[in-house]
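The values are calculated or read from the model by the stated rules, or taken from the named source; none is laboratory data. Bear in mind that the values here come from a model prediction, so they are computed numbers and not experimental data. Here the Cβ is made from the backbone with ideal geometry for all residues, glycine too, and neighbour counts use every protein chain on show. For accessibility, only protein heavy atoms count, side chains too; no ligands or nucleic acids. Shrake-Rupley method; radii C 1.70, N 1.55, O 1.52, S 1.80 Å.
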2 protein chains.
Amino acid sequence: MVNQIKHDREVVIQKATNLFWEKGFHATSMRNLQDHIDMRPGSIYAAFGSKEGLFKEALKCYTDANIRHMQKCQEQTSSPLEALKLFIRSIVKRQQDDAPSEVCMLVKTVSELTEDNAELLAESKRLLNMMEDGLEAVIICAQDAGEISSSSDTRRLAQFLQIQLIGLRAYIRTNKDNPCIDQLIEDTFLRLH
Amino acid sequence: MVNQIKHDREVVIQKATNLFWEKGFHATSMRNLQDHIDMRPGSIYAAFGSKEGLFKEALKCYTDANIRHMQKCQEQTSSPLEALKLFIRSIVKRQQDDAPSEVCMLVKTVSELTEDNAELLAESKRLLNMMEDGLEAVIICAQDAGEISSSSDTRRLAQFLQIQLIGLRAYIRTNKDNPCIDQLIEDTFLRLH
DNA sequence: TAGAAAAATGAACAATCGTTCAATAACATT
DNA sequence: AATGTTATTGAACGATTGTTCATTTTTCTA
């Protein structure tokens with residue numbers, strides 16, 4: 001029986017993720033969420049415990065989707081470097097599509113929250129570092145494939161790409177219809193050495 | 001008579017800027033502000049009209065301070081390129097000091113706000129573009145001084161530096177005690193061509 | 001120094017916040 | 001069909017939100 005459970009947990013979390021991603025943690029009220037995921041307060045609290053609990057699920061949902069997307073990019077080509085380019089291009093250019101925000105949700109969260117929400121802040125940092133590890137893994141693949149010099153420091157290259165991704169996405173938020181976006185992305189890879 | 005006006009406007013705005021910068025627009029309540037700037041609601045509203053009004057002043061205050069800081073860097077050396085390095089190094093490394101947040105307040109605001117606060121969002125974008133213009137002005141100086149190839153596209157270089165600044169600062173927020181920060185900054189200038 | 005003008009106060013407002021829980025509906029098992 | 005279990009509801013809670021304004025205090029002028 002498909003869709004027997006009225007509020008399929010993953011679909012609900014996905015919807016909540018989109019709203020949190022767009023509006024941020026503080027500006028998203030429980031009533032906004034109630035409307036957006038079509039659940040009443042009692043059900044939400046039974047399922048997730050608190051607003052923070054639901055947000056934590058959203059962070060996980062967002063990160064998992066990104067990791068899956070990176071894997072999809074790797075499956076599309078035998079070149080790890082090309083996979084990286086596919087990944088970064090699609091992430092950065094998703095701005096024109098239906099993404100809730102141009103800015104990475106994890107970066108947005110780390111930027112917004114303080115020690116008043118220490119657990120959520122720490123979790124966001126942890127997930128961001130996980131994403132960086134993922135970047136380094138692909139860079140190591142590229143190194144093994146001879147696409148990147150074997151003398152390069154893969155950790156530093158991963159940091160560089162992470163910084164580019166963060167910077168590019170936040171930059172595009174302030175300059176959405178900049179015609180030079182493609183140029184800026186290509187510049188990133190020209191400087192990857 | 002010094003300090004005749006009890007609440008010197010600029011000092012108050014400076015204090016408000018620090019609090020807004022640390023906590024963001026939504027997480028900063030008017031009561032937080034009342035305590036932090038030592039003013040009662042009536043006085044605040046008489047002086048600034050609204051929370052948004054005060055925040056707008058804070059954005060201006062933050063940007064002005066940054067522009068002054070860039071000018072100070074230019075006065076410290078006759079080399080425009082060295083001035084840029086001084087500026088970026090000091091901004092990025094201010095994290096260890098008393099800065100309210102590692103992240104640029106304008107980027108933080110652009111990342112946090114939506115069309116629900118359209119005016120503040122637009123103003124933040126405007127100020128960010130102003131900062132980018134400032135970067136380009138120094139790059140042009142560096143070009144005139146022969147420190148940067150005259151064939152370089154100064155607008156693109158300014159965009160590149162802007163993206164690096166945004167990315168580095170947000171990155172450092174998630175990785176505050178990373179020992180490679182200096183390396184990452186130097187990498188930025190190695191890639192500036 | 002008396003009085004007018006300006007500035008600062010803080011109690012109070014309606015609206016909204018995150019959250020709870022008794023009541024109801026839907027389901028599963030017999 | 002009856003019963004026990006689980007899921008969902010939505011009114012209501014106290015706390016907090018941004019904001020207002022009658023009152024008091026301070027400052028300036030004559």
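Points to keep in mind about this one:
- Residue within the stretch A:182-189 that is closer than 27 Å to B:Leu19 by Cβ and open to solvent by 10 Å² or more (accessible area, probe 1.4 Å) present: no
- Pair list, Cβ under 6 Å, 6 or more apart: the stretch A:8-27 residue within 14 Å of chain B (Cβ to nearest Cβ), other residue away from DNA strand C (no atom under 16 Å from the Cβ) and open to solvent by 10 Å² or more (accessible area, probe 1.4 Å): A:Asn18/A:Pro100; A:Trp21/A:Pro100; A:Glu22/A:Pro100
- Helices (runs of 4 or more DSSP H) lying entirely in the stretch B:26-145 (those with 3 or more residues that are more than 16 Å from DNA strand D (Cβ to nearest atom) and surrounded by fewer than 15 Cβ atoms within 10 Å (Cβ to Cβ)): B:51-75, B:118-144
- Remark: A:Glu75 matches the filter, which requires a residue to be out of contact with any Ser or Thr (no Cβ under 8 Å at 6 or more places or on another chain) and at pLDDT 95 or above.
- Pairing each residue of the stretch A:174-185 that is under 14 Å from A:Arg94 (Cα atoms) with any residue that is assigned to a loop (DSSP other than H, G, I, E, B), provided the two are 6+ apart or on different chains, yields C-beta distances under 9 Å for A:Lys176/A:Glu102; A:Ile181/A:Asn175.
- Residue list for the stretch A:12-39, filter: within 16 Å of B:Ala27 (Cβ to Cβ) and among the hydroxyl-bearing types (Ser, Thr, Tyr): A:Thr28, A:Ser29
- Enumeration of residues in the stretch B:54-79 that are more than 15 Å from B:Leu19 (Cβ to Cβ) and within 16 Å of DNA strand C (Cβ to nearest atom): none
- Taken together, A:Ile166, A:Ile172 contain a single residue that is in contact with an Asp or Glu (Cβ under 8 Å, 6 or more places away or on another chain) and part of a helix (DSSP H, G or I), which is A:Ile172.
- Of all the listed residues (A:Glu102, A:Glu115, A:Glu119, A:Glu123), the sole one being among the acidic types (Asp, Glu) and more than 13 Å from chain B (Cβ to nearest Cβ) is A:Glu119.
- Any pair with Cβ under 6 angstrom, 6 or more apart, that starts in the stretch B:47-63 at a residue that is within 15 Å of B:Leu113 (Cβ to Cβ) and ends at one that is open to solvent by less than 50 Å² (accessible area, probe 1.4 Å) and in a loop (DSSP other than H, G, I, E, B): B:Phe55/B:Phe25
- Test result for B:Ser151, more than 9 Å from chain A (Cβ to nearest Cβ), farther than 17 Å from B:Asn66 by Cα and either among the polar types (S, T, N, Q) or surrounded by 16 or more Cβ atoms within 10 Å (Cβ to Cβ) (or both): yes
- Test set (1) over 30 Å from B:Asp144 (Cβ atoms); (2) modelled with pLDDT under 95; (3) in contact with a helix residue (DSSP H, G or I) (Cβ under 9 Å, 6 or more places away or on another chain) - B:Gln96 fails condition number: (3)
- When the residues of the stretch B:5-25 are filtered to those that are open to solvent by 60 Å² or more (accessible area, probe 1.4 Å) and within 25 Å of A:Ser111 (Cβ to Cβ), the one that is farthest from DNA strand D (Cβ to nearest atom) is B:Gln14.
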